[in-house]
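Presented below is the structure to which this report refers.
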Amino acid sequence: MGGFFRSKKFRIILCIIALLIGMMLYAVTQDGFTLPTTGFIGKICNPIRSVSNRISDSVENTLDAFTRSKEYQQENEELRQRVAELEYQLVDYHKTQQELTDLEGFMGVKEDHEDFVLSDPCAIIGYVENDPFHAFYIDKGSEDGLSVYDPVVTAEGLVGIISEISETYATVETICSPNLSIGAEVSGKSESGIVEGDVTLSSSYRCRMIYLEKDTTLKKGDLVITSNSVGIFPQGYLIGSVESIEPMESGLSYCAVIRPSVDLENLSNVIVITDFAGKEQQNAAD
């Protein structure tokens, strides 16, 4: 072992160590000088440093999300409330748009029938429970000048009549009800009959015109209007169109399935005819 310390190899190693120490000392005293070994060490350490930075960032983001969770919850709640407000405004917009459309139609009814005395537009506020003939309630009553048996219409056609009334609301029975019989005739033809509801047709919002002769000339698409045979309805108001012709149960006459001109399934507003020319004379005759 003593021979090694006295050998030439040991002296070379000492020289190298001394050289390295000298370079390190020089680097400490000289700004901007980089040891040759620094780049090599950096290449080894850089991947470790990158992984460490990613772990640090992830921990920092997790801690930030945890500490700000209440703030996030509040922001989410505010966003949900804002969405609800916008949805409500959209529904209100569509409702207002429909009301304006209905109002334009109601004004057209007055222009086409100057003798009609019409109520203000009436909103549908609910449907009669368990009624297979689609009776509904409106937000106007006797305080608004309405009476039992007043016809209820839209610009598209006849809806029904007021069957019950209070001071502030009324019940409307539709033309799908068998309790309602309407004198009717076919536009442009001499044929007439009675339009009434039928339990087998009401589920599809249809009614029928009965007492047609076997040799009836009615065909699909013919328009059916009110006649003056029943005094509670003005003459010539549209009821609907013929959808098909079928024999009555007795086999002695025929009936026509009528598709109402009013979309009874999607009503939102109606008007009531409180008076019309000839009403008093017709009622007196009845």
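Readers should treat all values here as calculations from the given coordinates under stated rules, not as data from a laboratory. If you're wondering where the values come from, they're calculated on a predicted model, not measured in any experiment. Glycine also receives a Cβ, built like all others from the backbone with ideal geometry; neighbour counts cover every protein chain displayed.
Can you give the alpha-carbon Rg of the range 184-247 over 2.2 N^0.38 Å, where N counts its residues?
In units of the globular-protein estimate, the range 184-247 measures up at 1.07.
Order these by the 10 Å Cβ neighbour count, fewest first: Ile194, Ile182.
Ile194, Ile182
Put +1 on the Cβ of each Lys and Arg and -1 on the Cβ of each Asp and Glu in the range 117-285; which of Thr217, Ser268, Tyr254 then has its Cα farthest toward the positive end of the dipole?
Thr217
Taking the Cα centre of the range 117-285 as origin and charging only Cβ (+1 Lys, Arg; -1 Asp, Glu), how large is the dipole, in debye to the nearest 20?
Roughly 580 debye for the range 117-285.
Taking the beta-carbon count within 10 Å as an exposure proxy, list Tyr72, Tyr254 from fewest neighbours to most.
Tyr72, Tyr254
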